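Contents: one structure, followed by commentary.
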Amino acid sequence: MSSGRSATGGGATASRDVAIIGVGYVGLPTAATLAHLGHRVVCGDTDEARIAALRRGEMPILEAGLEQLVRAGMAAGRLRFVTSAAAAAEGAEFVFLCVPTPQSDDGSADLSYVEAAAREIGPVLAGGAVVVNKSTVPVGSTLVVERVLGRTDVTVVSNPEFLREGTAVHDSLHPDRLLVGADDPEAAARVGRLFAGTGAPLIVTDATTAETIKYASNAFLATKLSFVNAMARLCEAVGADVRDLLLGLGYDKRIGFDYLRPGPGWGGSCLPKDTAALLRIAESAGYEFPLLRGVVSGNEEQIASMVDKVVAEVGGQAAGSVVAVWGLTFKANTDDRRTSPAVDIARRLAALGARVQAYDPTVTGLATGRPPADLTGLELCPDAYEACRGADALAVLTEWDEFRRVDFDKVRDLMASPRVMDARNLFDPAALRRRGFAYTGIGRR
Ligand code: NAD
(Lines give C-alpha, C1' and ligand atoms only; values in the text may rest on other atoms or scores of the structure.)
Protein backbone atom coordinates (compact mmCIF):
# COMPACT_ATOMS: atom_id res chain seq x y z
CA MET A 1 0.00 0.00 0.00
CA SER A 2 1.34 3.37 -0.94
CA SER A 3 1.35 5.92 1.78
CA GLY A 4 2.20 9.58 1.51
CA ARG A 5 1.14 13.11 1.04
CA SER A 6 0.25 15.08 -2.06
CA ALA A 7 -1.65 18.23 -2.88
CA THR A 8 -5.09 18.31 -4.43
CA GLY A 9 -4.89 22.03 -5.12
CA GLY A 10 -4.81 23.70 -8.50
CA GLY A 11 -6.40 22.81 -11.81
CA ALA A 12 -10.04 22.37 -12.69
CA THR A 13 -11.59 18.94 -12.28
CA ALA A 14 -14.28 17.51 -14.49
CA SER A 15 -17.71 17.48 -12.92
CA ARG A 16 -18.67 14.10 -11.45
CA ASP A 17 -21.90 12.37 -10.43
CA VAL A 18 -21.85 12.06 -6.67
CA ALA A 19 -24.37 10.57 -4.24
CA ILE A 20 -24.52 11.53 -0.57
CA ILE A 21 -26.28 9.09 1.73
CA GLY A 22 -27.50 10.84 4.88
CA VAL A 23 -27.96 14.61 4.86
CA GLY A 24 -27.18 15.53 8.46
CA TYR A 25 -24.45 17.66 10.00
CA VAL A 26 -21.81 15.99 7.80
CA GLY A 27 -23.70 14.94 4.67
CA LEU A 28 -25.41 18.23 3.90
CA PRO A 29 -22.36 20.54 4.08
CA THR A 30 -20.38 17.92 2.13
CA ALA A 31 -23.08 17.74 -0.56
CA ALA A 32 -23.34 21.52 -0.85
CA THR A 33 -19.54 21.82 -1.05
CA LEU A 34 -19.25 19.20 -3.79
CA ALA A 35 -22.02 20.97 -5.75
CA HIS A 36 -20.16 24.25 -5.22
CA LEU A 37 -17.02 22.61 -6.63
CA GLY A 38 -18.97 21.84 -9.80
CA HIS A 39 -20.12 18.24 -9.28
CA ARG A 40 -23.65 16.91 -9.81
CA VAL A 41 -24.84 15.76 -6.41
CA VAL A 42 -27.90 13.72 -5.45
CA CYS A 43 -28.62 13.35 -1.73
CA GLY A 44 -30.60 10.42 -0.36
CA ASP A 45 -32.03 10.31 3.14
CA THR A 46 -34.67 8.08 4.71
CA ASP A 47 -36.11 11.06 6.62
CA GLU A 48 -38.88 12.16 4.26
CA ALA A 49 -39.72 15.33 6.21
CA ARG A 50 -36.06 16.37 6.02
CA ILE A 51 -35.96 15.80 2.25
CA ALA A 52 -39.25 17.66 1.72
CA ALA A 53 -37.91 20.63 3.73
CA LEU A 54 -34.65 20.65 1.76
CA ARG A 55 -36.54 20.63 -1.54
CA ARG A 56 -38.29 23.80 -0.32
CA GLY A 57 -34.86 25.28 0.46
CA GLU A 58 -35.35 24.96 4.25
CA MET A 59 -32.38 23.78 6.32
CA PRO A 60 -32.90 20.94 8.81
CA ILE A 61 -29.86 22.04 10.86
CA LEU A 62 -28.39 25.33 12.00
CA GLU A 63 -25.11 26.03 10.19
CA ALA A 64 -23.76 29.43 9.17
CA GLY A 65 -23.82 29.87 5.38
CA LEU A 66 -25.46 26.51 4.70
CA GLU A 67 -28.72 27.81 3.31
CA GLN A 68 -26.98 30.04 0.75
CA LEU A 69 -24.69 27.23 -0.40
CA VAL A 70 -27.52 24.70 -0.67
CA ARG A 71 -29.80 27.10 -2.50
CA ALA A 72 -27.00 28.04 -4.91
CA GLY A 73 -26.38 24.36 -5.67
CA MET A 74 -30.08 23.75 -6.26
CA ALA A 75 -30.42 26.84 -8.46
CA ALA A 76 -27.46 25.68 -10.56
CA GLY A 77 -29.19 22.30 -11.01
CA ARG A 78 -26.29 20.52 -9.30
CA LEU A 79 -27.95 19.56 -6.01
CA ARG A 80 -31.01 17.33 -5.70
CA PHE A 81 -32.71 15.48 -2.85
CA VAL A 82 -34.40 12.08 -2.94
CA THR A 83 -35.93 9.90 -0.24
CA SER A 84 -33.81 6.78 -0.46
CA ALA A 85 -30.18 5.78 -0.51
CA ALA A 86 -30.71 3.52 -3.54
CA ALA A 87 -32.38 6.27 -5.60
CA ALA A 88 -29.43 8.58 -4.88
CA ALA A 89 -26.73 5.97 -5.50
CA GLU A 90 -28.04 4.60 -8.78
CA GLY A 91 -25.59 5.45 -11.56
CA ALA A 92 -23.33 7.59 -9.35
CA GLU A 93 -19.57 7.41 -9.75
CA PHE A 94 -18.97 8.20 -6.07
CA VAL A 95 -21.28 7.35 -3.18
CA PHE A 96 -20.52 8.94 0.21
CA LEU A 97 -21.88 7.24 3.32
CA CYS A 98 -22.64 9.98 5.88
CA VAL A 99 -25.01 8.09 8.17
CA PRO A 100 -24.87 7.99 11.99
CA THR A 101 -22.57 5.69 13.95
CA PRO A 102 -23.97 6.16 17.47
CA GLN A 103 -22.56 4.61 20.61
CA SER A 104 -23.71 1.06 21.40
CA ASP A 105 -24.41 -0.06 24.97
CA ASP A 106 -20.88 -1.50 25.26
CA GLY A 107 -19.29 1.77 24.08
CA SER A 108 -18.42 0.56 20.59
CA ALA A 109 -19.65 2.31 17.43
CA ASP A 110 -22.98 0.98 16.18
CA LEU A 111 -22.49 0.14 12.51
CA SER A 112 -26.11 -0.77 11.80
CA TYR A 113 -26.88 2.46 9.86
CA VAL A 114 -23.75 2.04 7.74
CA GLU A 115 -24.61 -1.60 7.06
CA ALA A 116 -28.25 -0.76 6.26
CA ALA A 117 -27.20 1.91 3.77
CA ALA A 118 -24.61 -0.40 2.17
CA ARG A 119 -27.18 -3.20 1.89
CA GLU A 120 -29.57 -0.82 0.17
CA ILE A 121 -27.14 0.60 -2.38
CA GLY A 122 -25.25 -2.63 -3.19
CA PRO A 123 -27.59 -3.84 -5.93
CA VAL A 124 -27.88 -0.49 -7.74
CA LEU A 125 -24.25 0.67 -7.80
CA ALA A 126 -22.71 1.30 -11.21
CA GLY A 127 -19.74 -0.92 -12.05
CA GLY A 128 -16.50 0.85 -11.11
CA ALA A 129 -18.21 3.10 -8.54
CA VAL A 130 -16.28 4.22 -5.47
CA VAL A 131 -18.11 3.97 -2.15
CA VAL A 132 -16.64 6.51 0.25
CA ASN A 133 -17.12 5.96 3.95
CA LYS A 134 -17.29 9.36 5.63
CA SER A 135 -19.02 8.15 8.78
CA THR A 136 -16.69 7.71 11.76
CA VAL A 137 -16.19 3.97 12.00
CA PRO A 138 -13.96 1.50 13.83
CA VAL A 139 -10.92 -0.08 12.30
CA GLY A 140 -11.95 -2.73 9.80
CA SER A 141 -15.24 -1.11 8.79
CA THR A 142 -14.15 -0.59 5.19
CA LEU A 143 -14.04 -4.38 4.94
CA VAL A 144 -17.48 -4.61 6.58
CA VAL A 145 -18.91 -2.25 3.96
CA GLU A 146 -17.25 -4.24 1.16
CA ARG A 147 -18.77 -7.44 2.47
CA VAL A 148 -22.26 -5.98 2.87
CA LEU A 149 -22.19 -4.38 -0.58
CA GLY A 150 -21.47 -7.82 -2.02
CA ARG A 151 -19.89 -6.36 -5.16
CA THR A 152 -16.46 -7.15 -6.55
CA ASP A 153 -16.62 -4.43 -9.21
CA VAL A 154 -16.77 -1.45 -6.83
CA THR A 155 -14.13 -0.01 -4.49
CA VAL A 156 -14.64 1.08 -0.89
CA VAL A 157 -12.44 3.80 0.58
CA SER A 158 -12.34 5.55 3.93
CA ASN A 159 -12.56 9.36 3.96
CA PRO A 160 -13.05 10.50 7.58
CA GLU A 161 -14.59 13.89 8.13
CA PHE A 162 -13.10 16.55 10.43
CA LEU A 163 -15.59 19.42 10.13
CA ARG A 164 -16.81 21.18 13.26
CA GLU A 165 -20.47 21.86 13.85
CA GLY A 166 -21.11 25.60 13.78
CA THR A 167 -18.41 26.16 11.15
CA ALA A 168 -19.22 23.14 8.98
CA VAL A 169 -19.59 25.09 5.73
CA HIS A 170 -16.30 26.90 6.19
CA ASP A 171 -14.58 23.67 7.21
CA SER A 172 -15.97 21.79 4.19
CA LEU A 173 -14.92 24.49 1.74
CA HIS A 174 -11.52 24.96 3.38
CA PRO A 175 -10.51 21.70 5.06
CA ASP A 176 -7.14 21.59 6.83
CA ARG A 177 -6.48 18.29 5.07
CA LEU A 178 -8.21 15.54 3.15
CA LEU A 179 -7.64 12.02 4.36
CA VAL A 180 -8.28 9.00 2.17
CA GLY A 181 -7.64 5.45 3.25
CA ALA A 182 -7.69 2.91 0.47
CA ASP A 183 -5.97 -0.23 -0.78
CA ASP A 184 -6.38 1.06 -4.32
CA PRO A 185 -4.25 4.21 -4.84
CA GLU A 186 -6.13 5.09 -8.03
CA ALA A 187 -9.47 5.12 -6.16
CA ALA A 188 -7.88 7.31 -3.47
CA ALA A 189 -6.59 9.72 -6.11
CA ARG A 190 -10.04 9.88 -7.73
CA VAL A 191 -11.62 10.84 -4.39
CA GLY A 192 -8.87 13.42 -3.83
CA ARG A 193 -9.52 14.98 -7.25
CA LEU A 194 -13.20 15.49 -6.35
CA PHE A 195 -12.05 18.03 -3.77
CA ALA A 196 -9.23 19.53 -5.85
CA GLY A 197 -10.95 22.92 -5.77
CA THR A 198 -10.47 23.20 -2.02
CA GLY A 199 -6.69 23.24 -2.41
CA ALA A 200 -6.32 21.14 0.76
CA PRO A 201 -3.41 18.74 1.18
CA LEU A 202 -4.32 15.13 0.54
CA ILE A 203 -3.08 12.38 2.83
CA VAL A 204 -3.37 8.92 1.32
CA THR A 205 -2.95 5.93 3.54
CA ASP A 206 -4.49 2.51 4.09
CA ALA A 207 -8.05 2.23 5.40
CA THR A 208 -7.00 1.00 8.86
CA THR A 209 -4.73 4.00 9.40
CA ALA A 210 -7.35 6.44 8.11
CA GLU A 211 -9.97 5.02 10.47
CA THR A 212 -7.47 5.23 13.35
CA ILE A 213 -6.52 8.82 12.50
CA LYS A 214 -10.12 9.98 12.88
CA TYR A 215 -10.42 8.52 16.37
CA ALA A 216 -6.94 9.78 17.28
CA SER A 217 -7.94 13.29 16.23
CA ASN A 218 -11.06 13.36 18.41
CA ALA A 219 -9.27 11.67 21.32
CA PHE A 220 -6.56 14.34 21.15
CA LEU A 221 -9.11 17.17 21.14
CA ALA A 222 -10.88 15.59 24.13
CA THR A 223 -7.50 15.30 25.86
CA LYS A 224 -6.83 19.03 25.39
CA LEU A 225 -10.24 19.90 26.80
CA SER A 226 -9.94 17.59 29.80
CA PHE A 227 -6.46 18.98 30.40
CA VAL A 228 -7.59 22.59 30.42
CA ASN A 229 -10.58 21.77 32.62
CA ALA A 230 -8.23 20.04 35.07
CA MET A 231 -5.90 23.04 34.99
CA ALA A 232 -8.87 25.30 35.72
CA ARG A 233 -9.65 23.24 38.80
CA LEU A 234 -6.04 23.45 39.86
CA CYS A 235 -6.14 27.22 39.36
CA GLU A 236 -9.07 27.38 41.76
CA ALA A 237 -7.17 25.30 44.29
CA VAL A 238 -4.00 27.42 44.20
CA GLY A 239 -5.56 30.83 43.56
CA ALA A 240 -4.31 31.27 39.97
CA ASP A 241 -6.40 32.66 37.10
CA VAL A 242 -7.02 30.30 34.19
CA ARG A 243 -7.61 33.07 31.65
CA ASP A 244 -4.13 34.46 32.14
CA LEU A 245 -2.73 30.94 32.34
CA LEU A 246 -4.18 30.25 28.88
CA LEU A 247 -2.62 33.37 27.43
CA GLY A 248 0.67 32.21 28.83
CA LEU A 249 0.23 28.79 27.26
CA GLY A 250 -1.43 29.73 23.99
CA TYR A 251 1.18 32.12 22.67
CA ASP A 252 3.60 29.23 22.70
CA LYS A 253 3.32 28.04 19.09
CA ARG A 254 3.86 24.45 20.17
CA ILE A 255 0.68 24.67 22.24
CA GLY A 256 -1.61 27.21 20.55
CA PHE A 257 -5.02 28.49 21.67
CA ASP A 258 -7.39 26.03 20.01
CA TYR A 259 -9.43 23.67 22.16
CA LEU A 260 -8.00 25.22 25.30
CA ARG A 261 -11.02 27.00 26.74
CA PRO A 262 -12.36 25.59 29.97
CA GLY A 263 -16.04 24.75 30.03
CA PRO A 264 -18.69 22.65 31.71
CA GLY A 265 -17.27 19.46 30.16
CA TRP A 266 -17.01 18.32 26.56
CA GLY A 267 -19.89 16.72 24.74
CA GLY A 268 -21.69 16.77 21.42
CA SER A 269 -22.35 14.05 18.91
CA CYS A 270 -18.70 13.07 18.38
CA LEU A 271 -16.18 13.35 21.23
CA PRO A 272 -18.03 11.23 23.82
CA LYS A 273 -18.93 8.40 21.44
CA ASP A 274 -15.60 8.47 19.61
CA THR A 275 -13.51 8.33 22.79
CA ALA A 276 -15.71 5.47 24.03
CA ALA A 277 -15.30 3.66 20.69
CA LEU A 278 -11.52 4.16 20.73
CA LEU A 279 -11.34 2.71 24.23
CA ARG A 280 -13.27 -0.34 23.00
CA ILE A 281 -10.94 -0.66 19.99
CA ALA A 282 -7.90 -0.43 22.28
CA GLU A 283 -9.39 -2.94 24.71
CA SER A 284 -10.06 -5.46 21.93
CA ALA A 285 -6.47 -4.98 20.81
CA GLY A 286 -5.21 -5.67 24.34
CA TYR A 287 -4.23 -2.10 25.22
CA GLU A 288 -5.75 -0.46 28.31
CA PHE A 289 -5.09 3.15 27.15
CA PRO A 290 -4.98 4.59 30.70
CA LEU A 291 -4.34 8.10 29.38
CA LEU A 292 -7.62 8.18 27.45
CA ARG A 293 -9.49 6.60 30.38
CA GLY A 294 -8.30 9.51 32.51
CA VAL A 295 -9.46 11.98 29.86
CA VAL A 296 -12.96 10.47 29.89
CA SER A 297 -13.24 10.17 33.67
CA GLY A 298 -11.87 13.73 34.01
CA ASN A 299 -14.77 14.90 31.86
CA GLU A 300 -17.31 13.07 33.99
CA GLU A 301 -15.79 14.76 37.05
CA GLN A 302 -16.00 18.14 35.34
CA ILE A 303 -19.71 17.77 34.57
CA ALA A 304 -20.40 16.61 38.14
CA SER A 305 -18.39 19.53 39.55
CA MET A 306 -20.55 21.99 37.56
CA VAL A 307 -23.64 20.60 39.28
CA ASP A 308 -21.86 20.97 42.64
CA LYS A 309 -20.96 24.58 41.85
CA VAL A 310 -24.59 25.46 41.10
CA VAL A 311 -25.82 23.65 44.19
CA ALA A 312 -23.28 25.60 46.26
CA GLU A 313 -24.63 28.84 44.74
CA VAL A 314 -28.16 28.04 45.89
CA GLY A 315 -27.02 27.35 49.43
CA GLY A 316 -26.03 23.69 49.27
CA GLN A 317 -29.50 22.28 48.69
CA ALA A 318 -30.93 22.06 45.15
CA ALA A 319 -34.38 20.91 46.26
CA GLY A 320 -36.81 23.81 46.29
CA SER A 321 -34.43 26.21 44.56
CA VAL A 322 -34.98 27.94 41.23
CA VAL A 323 -32.07 27.77 38.79
CA ALA A 324 -31.88 29.74 35.55
CA VAL A 325 -29.93 28.00 32.79
CA TRP A 326 -28.58 29.82 29.75
CA GLY A 327 -27.67 27.51 26.90
CA LEU A 328 -28.65 23.92 26.16
CA THR A 329 -26.72 23.06 23.00
CA PHE A 330 -23.34 21.41 23.47
CA LYS A 331 -21.65 24.56 22.20
CA ALA A 332 -22.69 27.84 20.57
CA ASN A 333 -23.69 28.29 16.91
CA THR A 334 -25.25 24.85 16.52
CA ASP A 335 -28.69 23.46 17.31
CA ASP A 336 -27.19 20.10 18.28
CA ARG A 337 -28.01 18.91 21.80
CA ARG A 338 -26.74 15.34 21.38
CA THR A 339 -24.77 14.43 24.54
CA SER A 340 -24.78 18.09 25.55
CA PRO A 341 -23.17 18.71 28.96
CA ALA A 342 -25.55 21.67 29.35
CA VAL A 343 -28.59 19.41 29.07
CA ASP A 344 -26.94 16.87 31.35
CA ILE A 345 -26.22 19.48 34.04
CA ALA A 346 -29.69 21.05 33.76
CA ARG A 347 -31.37 17.66 34.09
CA ARG A 348 -29.19 16.63 37.03
CA LEU A 349 -30.21 19.84 38.81
CA ALA A 350 -33.88 19.11 38.05
CA ALA A 351 -33.42 15.54 39.34
CA LEU A 352 -32.03 16.99 42.59
CA GLY A 353 -35.28 18.91 43.02
CA ALA A 354 -34.42 22.32 41.54
CA ARG A 355 -36.90 24.07 39.33
CA VAL A 356 -34.82 24.66 36.19
CA GLN A 357 -35.84 27.55 33.94
CA ALA A 358 -33.84 27.11 30.76
CA TYR A 359 -33.29 29.30 27.75
CA ASP A 360 -31.40 28.56 24.56
CA PRO A 361 -31.66 30.58 21.32
CA THR A 362 -32.35 27.37 19.37
CA VAL A 363 -35.26 26.19 21.51
CA THR A 364 -37.35 29.36 21.77
CA GLY A 365 -40.01 27.86 19.48
CA LEU A 366 -40.39 25.00 21.92
CA ALA A 367 -41.07 27.20 24.95
CA THR A 368 -44.83 27.04 24.48
CA GLY A 369 -45.21 23.46 23.24
CA ARG A 370 -44.43 20.02 24.66
CA PRO A 371 -40.70 19.75 25.38
CA PRO A 372 -38.69 17.22 23.38
CA ALA A 373 -37.74 14.04 25.27
CA ASP A 374 -34.21 15.19 26.14
CA LEU A 375 -35.56 18.33 27.82
CA THR A 376 -38.33 16.83 29.93
CA GLY A 377 -38.27 18.11 33.47
CA LEU A 378 -36.97 21.54 32.39
CA GLU A 379 -39.08 24.64 32.06
CA LEU A 380 -38.25 26.18 28.69
CA CYS A 381 -38.27 29.97 28.57
CA PRO A 382 -38.71 32.27 25.57
CA ASP A 383 -35.73 34.51 26.38
CA ALA A 384 -32.73 34.91 28.66
CA TYR A 385 -34.55 37.32 31.00
CA GLU A 386 -37.59 35.09 31.54
CA ALA A 387 -35.28 32.27 32.55
CA CYS A 388 -33.94 34.49 35.36
CA ARG A 389 -37.30 35.50 36.82
CA GLY A 390 -37.30 34.53 40.51
CA ALA A 391 -34.10 32.48 40.15
CA ASP A 392 -31.75 31.82 43.05
CA ALA A 393 -28.81 31.34 40.69
CA LEU A 394 -27.98 31.58 37.00
CA ALA A 395 -25.86 28.89 35.33
CA VAL A 396 -24.31 29.96 32.00
CA LEU A 397 -23.63 26.69 30.18
CA THR A 398 -23.27 27.54 26.46
CA GLU A 399 -21.20 30.42 25.07
CA TRP A 400 -23.87 32.01 22.85
CA ASP A 401 -22.83 35.49 21.79
CA GLU A 402 -26.22 37.00 22.67
CA PHE A 403 -25.53 36.35 26.37
CA ARG A 404 -22.74 38.93 26.20
CA ARG A 405 -25.28 41.59 25.23
CA VAL A 406 -27.73 40.99 28.08
CA ASP A 407 -28.61 43.88 30.41
CA PHE A 408 -27.33 42.57 33.73
CA ASP A 409 -29.09 45.28 35.74
CA LYS A 410 -32.34 43.87 34.44
CA VAL A 411 -31.19 40.32 35.19
CA ARG A 412 -30.28 41.30 38.78
CA ASP A 413 -33.70 42.86 39.32
CA LEU A 414 -35.47 39.77 37.99
CA MET A 415 -33.55 37.28 40.10
CA ALA A 416 -34.48 36.34 43.67
CA SER A 417 -30.76 36.22 44.43
CA PRO A 418 -28.22 37.65 41.96
CA ARG A 419 -25.72 34.79 41.69
CA VAL A 420 -23.97 33.66 38.49
CA MET A 421 -22.14 30.41 37.86
CA ASP A 422 -20.41 31.12 34.55
CA ALA A 423 -19.26 27.75 33.18
CA ARG A 424 -17.92 29.40 30.00
CA ASN A 425 -16.03 32.30 31.58
CA LEU A 426 -18.03 34.66 29.36
CA PHE A 427 -18.20 37.54 31.78
CA ASP A 428 -15.86 39.86 33.63
CA PRO A 429 -16.10 38.86 37.32
CA ALA A 430 -15.28 42.39 38.53
CA ALA A 431 -17.95 43.98 36.32
CA LEU A 432 -20.63 41.59 37.55
CA ARG A 433 -19.58 41.97 41.19
CA ARG A 434 -19.82 45.75 40.80
CA ARG A 435 -23.41 45.27 39.63
CA GLY A 436 -24.19 43.34 42.80
CA PHE A 437 -23.77 39.74 41.65
CA ALA A 438 -22.00 36.93 43.41
CA TYR A 439 -19.88 35.46 40.60
CA THR A 440 -18.20 32.07 40.15
CA GLY A 441 -16.45 31.17 36.95
CA ILE A 442 -14.17 28.28 36.04
CA GLY A 443 -10.63 28.58 37.33
CA ARG A 444 -11.03 32.29 38.00
CA ARG A 445 -10.38 34.39 41.02
P1 NAD B 1 -26.79 13.10 11.53
O2 NAD B 1 -27.59 12.29 12.49
O3 NAD B 1 -26.80 14.57 11.61
O4 NAD B 1 -27.22 12.73 10.03
C5 NAD B 1 -27.33 11.43 9.57
C6 NAD B 1 -28.40 11.36 8.50
O7 NAD B 1 -28.40 10.04 7.95
C8 NAD B 1 -29.82 11.61 9.03
O9 NAD B 1 -30.43 12.62 8.27
C10 NAD B 1 -30.52 10.25 8.83
O11 NAD B 1 -31.89 10.38 8.52
C12 NAD B 1 -29.73 9.67 7.66
N13 NAD B 1 -29.80 8.23 7.49
C14 NAD B 1 -29.69 7.26 8.43
N15 NAD B 1 -29.76 6.04 7.85
C16 NAD B 1 -29.92 6.24 6.52
C17 NAD B 1 -30.05 5.37 5.39
N18 NAD B 1 -30.04 4.05 5.51
N19 NAD B 1 -30.21 5.92 4.17
C20 NAD B 1 -30.23 7.26 4.02
N21 NAD B 1 -30.11 8.12 5.04
C22 NAD B 1 -29.95 7.63 6.29
O23 NAD B 1 -25.31 12.54 11.67
P24 NAD B 1 -23.96 13.37 11.50
O25 NAD B 1 -23.73 14.20 12.72
O26 NAD B 1 -23.95 14.01 10.16
O27 NAD B 1 -22.88 12.19 11.55
C28 NAD B 1 -22.70 11.30 10.47
C29 NAD B 1 -21.38 10.59 10.64
O30 NAD B 1 -20.32 11.54 10.54
C31 NAD B 1 -21.19 9.92 12.01
O32 NAD B 1 -20.45 8.75 11.84
C33 NAD B 1 -20.39 10.94 12.79
O34 NAD B 1 -19.61 10.34 13.81
C35 NAD B 1 -19.49 11.51 11.71
N36 NAD B 1 -19.00 12.87 11.97
C37 NAD B 1 -19.84 13.80 12.52
C38 NAD B 1 -19.38 15.09 12.74
C39 NAD B 1 -20.28 16.13 13.36
O40 NAD B 1 -19.76 17.18 13.76
N41 NAD B 1 -21.58 15.91 13.45
C42 NAD B 1 -18.07 15.44 12.38
C43 NAD B 1 -17.25 14.47 11.80
C44 NAD B 1 -17.72 13.18 11.61
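Compute the label zone of E67 within the range 157-172: residues whose backbone N is under 17 Å from the point 7 Å along Cα-to-Cβ.
Only 166-170 fall inside the zone, counting backbone N under 17 Å.
Quick check on the range 13-174: what does the Kirkwood estimate of hydrodynamic radius come out to from the alpha carbon pairs, in Å? Walk me through the intermediate numbers first.
Values: mean 1/r = 0.0640 Å⁻¹.
Here the Kirkwood hydrodynamic radius works out to 15.6 Å.
Ignoring ligands, DNA and RNA, please state the percent of accessible area on the chain from carbon and sulfur, probe 1.4 Å.
Here it works out to 52 percent.
Of the DSSP beta bridges with both residues in the range 117-231, give the percent that are antiparallel, rounding to the nearest 5. It would help to have the intermediate numbers written out before the result.
Details: 1 of 9 bridges.
Counting only bridges with both partners in the range 117-231, antiparallel ones make up about 10 percent.
Please pull out the direction-averaged projected area of the range 114-168, using the convex hull of its alpha-carbon atoms, in nm² to one decimal place. Could the numbers behind the result be given before it?
Values: hull surface 16.9 nm².
Average projection, Cα convex hull of the range 114-168: 4.2 nm².
Once the mean 1/r over all distinct Cα pairs of the range 13-53 is inverted, what Kirkwood radius in angstroms do you read off? Walk me through the intermediate numbers first.
Values: mean 1/r = 0.0957 Å⁻¹.
The Cα-based Kirkwood calculation yields 10.4 Å.
Taking the DSSP beta bridges in the chain as the whole, what percent of them are antiparallel, to the nearest 5?
Taking every DSSP beta bridge with both residues in the chain, the antiparallel ones total about 10 percent.
Taking the solvent-accessible surface of protein heavy atoms with a 1.4 Å probe, what is the per residue accessible area of the range 212-445 in Å²?
Details: 10350 Å² over 234 residues.
So the range 212-445 comes to 44 Å² accessible per residue, rounded to a whole number.
In sequence order, what are the phi-derived ³J(HN,Hα) couplings for the range 17-25 according to the Karplus relation 6.51 cos²θ - 1.76 cosθ + 1.60 with θ = phi - 60°, rounded to whole Hz, with x for glycine and proline?
After applying 6.51 cos²θ - 1.76 cosθ + 1.60, I find 8, 10, 10, 10, 9, x, 10, x, 4 Hz.
Mind computing the radius of gyration and Dmax over the alpha-carbon atoms of the range 311-445? Å is fine for both.
For the range 311-445, the Cα radius of gyration and maximum Cα-Cα distance read 13.5, 41 Å.
Please list, ordered by chain and number, the residues whose modelled amide H lies under 5 Å from the amide H of L179; skip anything fewer than 5 residues away on the same chain.
The answer is I203.
Regarding the chain, what whole-number volume in Å³ per residue does the convex hull of its Cα atoms give? Before the final figure, lay out each step's value.
Working: hull volume 67.9 nm³, N = 445.
In the chain, the Cα hull volume divided by residue count equals 153 Å³.
Solvent-accessible area per residue for the range 13-174 at a 1.4 Å probe radius, Å²?
On the way: 6270 Å² over 162 residues.
The answer is 39 Å² per residue.
Based solely on its DSSP helices, what 222 nm [θ] is calculated for the chain when runs of n ≥ 4 H residues each add -39,500 (n - 2.57) and the sum is averaged over all residues, nearest 500 deg cm²/dmol? If you can, show how the numbers build up before the last one.
Working: 16 runs with 176 residues, N = 445.
Only helices count here, giving -12000 deg cm²/dmol.
Just how much of E379 is accessible, in Å², when a 1.4 Å probe is used and the result is rounded to the nearest 10?
80
Under a point-charge model restricted to the Cβ atoms of Lys and Arg (+1) and Asp and Glu (-1), what is the dipole moment magnitude of the chain relative to its Cα centre, in debye to the nearest 20?
Working: 47 positive and 54 negative charges, 180 e Å.
Result for the chain is approximately 860 debye, rounded to the nearest 20.
Would you look at the GNM of the chain, springs on alpha carbons closer than 10 Å, and say which of V396, V144, V238 moves the most?
Of V396, V144, V238, the Gaussian network model singles out V238 as fluctuating most.
List the DSSP H helices in the chain whose Cα atoms stretch 27 Å or more along the helix axis and whose mean Kyte-Doolittle hydropathy is at least 0.0.
Values: long enough: 207-238 (46 Å, 0.52); 290-313 (34 Å, 0.22).
Those that clear 27 Å and a mean of 0.0 are 207-238, 290-313.
Quick check on my link table: of K214/K273; K134/K214; K253/K273; K224/K331, which ones sit more than 22 Å apart, alpha carbon to alpha carbon?
Details: K214/K273 12 Å; K134/K214 10 Å; K253/K273 30 Å; K224/K331 16 Å.
Check vs 22 Å cut-off fails for K253/K273.
Can you list the GluC sites (Glu not before Pro) in the range 239-309 that are in a DSSP coil and have 15 or fewer other beta carbons within 10 angstrom? Let's see the in-between values first.
Details: sites: E283, E288, E300, E301; in loops: E288.
Answer by residue number: E288.
Given H placed on each backbone N at 1.01 Å, which residues far from V323 in sequence or on other chains put an amide H within less than 5 Å of it?
So V323 has HN proximity to R355, V356, Q357, D392.
The values are calculated or read from the model by the stated rules, or taken from the named source; none is laboratory data. Every value quoted in this text rests on a predicted model; they were computed, and no experiment measured them. Don't worry about glycine lacking a Cβ; one is built from the backbone with ideal geometry, like all the others, and counts go over all protein chains shown. Please note that ligands, DNA and RNA were not included when accessible areas were found on the heavy atoms of the full protein model with its side chains. Shrake-Rupley method; radii C 1.70, N 1.55, O 1.52, S 1.80 Å.
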